[in-house]
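Reviewing the structure listed below.
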Amino acid sequence: MKNYKIVNIRTTVKSDPVESVLIIYTGGTFGMVVDEDGALAPFNFGRVIDRIPELRSLELKLTVISFPEPRDSSNITYLDWQDMAYIIYENYAQYDGFVILHGTDTMAYTASALSYMLKGLNKPVILTGAQIPIGYIRSDARENLITALEIASKKENGIPVINEVCIYFNYFLLRGNRSQKIRSSTFAAFQSQNYPYLAESGIDIEYRKSYLMPHDADASLEIKNKFDDNVIIVKMFPSMNRAVLETMFSVKGLKGVVLESYGSGNTMNFDWFIELVEKMIKKGVVIFNVSQCSGGEVILGRYETSKKLKEIGVISGGDITTEAAVTKLMFLLGQEKSPKKVAEKLAQPLVGEMDVQKMP
């Protein structure tokens with residue numbers, strides 16, 4: 001058991017709060033304040049009410065579990081995903097919802113991974129963060145946290161409104177495994193190009209219920225926490241060098257490749273390229289084709305340049321994001337021993353991360 005830091009916070013003195021939310025602080029820009037020397041230092045969550053007095057109006061029982069050492073999200077690995085999933089699993093019955101404070105750079109990867117790991121999830125898991133630290137006057141941390149907590153504790157007729165892993169950022173709630181960080185210099189950091197937003201925060205929080213994962217009263221939470229990180233991402237570009245690609249494909253122990261192709265799944269159709277890809281597939285390496293385009297969709301066979309890929313066994317990722325694709329590939333390689341079984345499950349949505357490919 002790791003030495004997590006635990007702080008219990010009561011947001012109201014008027015009554016005993018009915019709803020409870022567990023906050024998991026992993027690190028990132030959100031939890032930084034300016035210390036006496038003018039340097040950025042980790043925030044003491046025991047004093048969160050002092051920094052965000054608006055929390056008192058929520059009337060929530062809050063608990064904050066902090067990683068022993070804050071993690072820059074650029075350093076996040078699947079071991080951290082396992083820790084987050086474990087914390088949620090161990091505390092699942094005690095809390096109505098969960099909020100994960102996370103650095104923005106890899107937040108979409110973590111949200112995607114957790115969506116696969118938390119099988120049978122019937123409560124909200126909301127990831128959020130900030131572009132500007134909470135210690136700065138213009139920080140977006142306050143609004144993001146307050147609204148994430150509201151969403152994580154929202155129920156109707158005793159049933160959670162949200163029953164999936166989401167990202168809340170800059171007034172919009174997005175399906176976690178459909179999200180991508182697309183901007184680094186504005187508050188509108190995240191977008192979901194291929195799936196509608198789930199809620200919008202204004203005067204009220206307006207939920208778009210037809211797009212939400214339904215509540216399953218018969219489901220129970222399980223953790224599927226095995227990953228295999230023997231994967232690479234290959235981004236296509238004009239005049240890609242054969243020797244470079246051969247070197248990438250020669251990595252010892254390689255089991256999976258996310259192939260970022262042009263447009264609707266197109267690659268060069270040079271004989272040497274097709275032969276290399278086919279050779280890898282015959283060796284048991286799974287090739288998962290996703291579009292480089294923001295909002296793109298792979299439809300293998302639509303054009304001549306992708307027809308051969310389909311014939312040799314490249315798997316179409318449909319409209320999946322690269323973040324959801326690479327975590328899904330790592331996840332399935334960790335769960336299944338057979339490349340054929342991995343390929344079969346890659347082609348189908350697990351938890352709403354993709355639409356099934358439209359046939360040309």
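Every number here is computed from the coordinates shown, using simple stated rules; none is lab data. Every value quoted in this text rests on a predicted model; they were computed, and no experiment measured them. Cβ atoms come from the backbone with ideal geometry, glycine included; neighbour counts cover every protein chain shown.
Shape of the range 5-223 from the C-alpha gyration tensor: rounded (a/c under 1.5, with a ≥ b ≥ c the square roots of its eigenvalues). Pairs exceeding a 23 Å alpha-carbon distance, out of LYS282/LYS345; LYS2/LYS255; LYS235/LYS307; LYS226/LYS328; LYS61/LYS224: LYS2/LYS255; LYS61/LYS224.
For the peptides 232-239, 318-325, the ranking by mean Cβ contacts within 10 Å, running from highest to lowest, is 318-325, 232-239. For LYS209, the lysines whose Cα falls under 22 Å of its own Cα, not counting residues fewer than eight places away in the same chain, are LYS119, LYS123, LYS154, LYS155.
Rounded to the nearest 5, what % of DSSP beta bridges with both residues in the chain are antiparallel? Show your work: numbers first, answer last.
Working: 25 of 57 bridges.
Antiparallel: roughly 45 percent of the beta bridges in the chain.
Residues whose amide H comes within less than 5 Å of that of PHE172, counting only those at least five positions distant or on another chain, are SER201 (H built at 1.01 Å from N in the peptide plane). Given an 8 Å cut-off on Cα distances and at least 6 residues of separation, report the relative contact order of the range 5-223 as a percent. Result for the range 5-223 is 21 percent.
How charged is the neighbourhood of GLY31? Take every other residue with its Cβ under 11 Å from the Cβ of GLY31, and add Lys/Arg as +1 and Asp/Glu as -1. Before the final figure, lay out each step's value.
Working: positive: ARG51, ARG71; negative: none.
For residues surrounding GLY31, the net value is +2.
The phi torsions of the range 179-190, fed into the Karplus equation with coefficients 6.51, -1.76 and 1.60 and a -60° offset, translate into couplings of 9, 9, 7, 10, 9, 10, 10, 9, 5, 7, 6, 10 Hz, rounded to whole numbers, with Gly and Pro shown as x.
Averaged over residues, the count of other Cβ atoms within 10 Å places the peptides 327-333, 104-110, 6-12 in the sequence 327-333, 104-110, 6-12, highest first. Only bridges with both residues in the range 231-346 count here: give the DSSP antiparallel percent, nearest 5. Roughly 5 percent of the DSSP beta bridges within the range 231-346 come out antiparallel.
Helices in the chain, meaning DSSP H runs of at least 4 residues, each add -39500 (n - 2.57). Divided by all residues, the mean residue ellipticity at 222 nm is -7500 deg cm²/dmol.
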